[in-house]
Amino acid sequence: LDLGIDFRFLPAVYSTLNALTALILIYGYLAIRQKKIVQHQRAMTTAMITSLLFLLGYVLYHITTPETPYGGQGFIRYVYFFLLITHVVLAAVIFPFVLFTFIRGYTRLVDRHKRLARWVYPLWLYVALTGPVLYFMIRPYYS
């Protein structure tokens, strides 16, 4: 899709948003462990916003810009594709569960929120952390 705009700057932006999401998720986790409910709520709302901005940038980039093949060789190539596959699969799988978890927290269904968050949080954090790692691995191959 040609919109007449060069969107090659977007991977750096959405990678930064992913890293920011990871930091916010960690802060939100630490806040709830300390029973700081309002800070936790604000952190998780902010993480949802940064994740949404990431998703918009990611989709815009990928519908407007040709694919960049990974050029690494040897063992690092296997590492890259392992991270990429787990990142993409987990991102797709957890997306609705992140929404369900957030809604359950927002609507004060705390027990249900906790049950989901126990396994959604580490997966969301993994996705948010591996995003920037993958960006730095493929960055040398962007044209």
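Just so you know, all these numbers are worked out from the coordinates, no wet-lab data involved. Only a predicted model underlies this, so the values are computations on that prediction, with no experimental measurement involved. Note: ideal-geometry Cβ built from the backbone for every residue, glycine included; neighbour counts use all protein chains shown.
Listing for the model above:
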item: Where a residue in segment 57-76 is of a type in the set (S, T, Y) and its partner, wherever it lies, is in a loop (DSSP other than H, G, I, E, B), with Cβ under 6 Å and at least six apart; result: Y61/F7; T64/L1; T64/L3; T64/F7; T65/F7; T68/Y142
item: Meets criteria (within 20 Å of the chain's Cα centre (by Cα), exposed (fewer than 15 other Cβ atoms within 10 Å of the Cβ) and not in a helix (DSSP H, G or I)) for T68; result: yes
item: Restricting segment 1-45 to residues that are among the polar types (S, T, N, Q) and more than 19 Å from R118 (Cα to Cα), the residue that is nearest to the chain's Cα centre (by Cα); result: N18
item: Segment 28-40: number of residues that are surrounded by fewer than 16 Cβ atoms within 10 Å (Cβ to Cβ) and assigned to a helix (DSSP H, G or I); result: 5
item: Members of segment 80-98 that are closer than 16 Å to G131 by Cα and in contact (Cβ under 8 Å) with a residue 12 or more places away in the chain; result: Y80, L83, L84, T86, H87, L90, A91, V93, I94
item: Residues of segment 1-51 that turn out to be free of Cβ contacts under 8 Å to residues at least 24 places away in the same chain and under 18 Å from H87 (Cβ atoms), as a count; result: 1
